Amino acid sequence: MPTRTGRPPKISRAEIVTAADRVIEQDGVAGLTMRRLAKEVGSTAMAIYHHVRDKDELLLLLLDSYAATLPKPELPREPRERLVAAAVAMHEALSGRPWAVEVLRADDLVSVGALWYPEHIVDAAMRAGLSLEEAVDAYRIVWHYTAGEISAKVAAGKRREEGGTTYRERVFADLDAARFPRLSEVGERWAELTARDTYAKGVRALAQGLLP
């Protein structure tokens, strides 16, 4: 078969964003490099730099592109329920792209397309009677809970994918009942019980404590 010569095929920004999403799904954010991306689209790193300035701009494009596809729910009027609904929507959105948590937790990158969530959480907190500063504090507390919950779930999922009995399961299966009476009662059910989805329950408890 003859070797292809000449210029590499032209690529669009949309194709680059789609390919970058595939690379992150396969190799994580750390694995997304211009060289790796160029290989994915069958072009050169220089060609990609014609469309994006650097990796940060590419990540922002990815975040904004994903945010644009997400439906925004109708929010209840009651402030506490409004905050909970906006937080649950944010959790569902981030769960669809858990790598985004890693990017956003650095606080250096902000996706304008995803600002719908903090806007409505802050708004709900202010409707409940908090000052602007207190409402931002409330949002940050909800955000850290959300990000931590997703990160923990991803880590646990990877561990379970590896298969076999984990060290934690072995420990809970053979606990000293005299020393840990409650946990020994849970025993082998620990993995099952701690894998349940309690996000909505948790964020509702946060809203109850944060809002007047």
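If you filter the stretch 38-55 down to residues that are assigned to a helix (DSSP H, G or I) and out of contact with any helix residue (DSSP H, G or I) (no Cβ under 6 Å at 6 or more places or on another chain), you find that the one that is least open to solvent (accessible area, probe 1.4 Å) is ALA47. Residues being within 18 Å of GLY148 (Cβ to Cβ), open to solvent by 30 Å² or more (accessible area, probe 1.4 Å) and out of contact with any Phe, Trp or Tyr (no Cβ under 9 Å at 6 or more places or on another chain) are represented in the stretch 107-118 by at least one member.
Conditions (1) open to solvent by 50 Å² or more (accessible area, probe 1.4 Å); (2) touching a helix residue (DSSP H, G or I) at 6+ places or on another chain (Cβ under 8 Å), marked per residue:
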{"position": "GLU57", "(1), (2)": "no, no"}
{"position": "LEU61", "(1), (2)": "no, yes"}
{"position": "SER65", "(1), (2)": "yes, yes"}
{"position": "THR69", "(1), (2)": "yes, no"}
{"position": "ARG82", "(1), (2)": "no, yes"}
{"position": "ALA87", "(1), (2)": "no, yes"}
{"position": "GLU92", "(1), (2)": "yes, no"}
{"position": "ARG97", "(1), (2)": "yes, yes"}
{"position": "LEU104", "(1), (2)": "no, yes"}
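Scanning the stretch 159-212 for residues that are within 30 Å of the chain's Cα centre (by Cα), surrounded by 12 or more Cβ atoms within 10 Å (Cβ to Cβ), of a type in the set (Phe, Trp, Tyr) and more than 20 Å from HIS91 (Cβ to Cβ) gives PHE172, TRP190.
Scanning the stretch 69-108 for residues that are acidic (Asp, Glu) and free of Cβ contacts under 8 Å to residues at least 60 places away in the same chain yields GLU74, GLU78, GLU81, GLU92, ASP107, ASP108. Just one of (1) modelled with pLDDT of 90 or more; (2) closer than 28 Å to VAL154 by Cβ; (3) in a helix (DSSP H, G or I); (4) of a type outside the set (Phe, Trp, Tyr) fails for ARG80. It is (2).
The values are calculated or read from the model by the stated rules, or taken from the named source; none is laboratory data. Owing to the predicted nature of the structure, the values given are computational and were not obtained by experimental measurement. Here Cβ is always computed from backbone atoms with ideal geometry, including for glycine, and neighbour counts include all displayed protein chains. Surface areas here come from the heavy atoms of the whole protein model, side chains and all, with no ligands, DNA or RNA. Shrake-Rupley method; radii C 1.70, N 1.55, O 1.52, S 1.80 Å.
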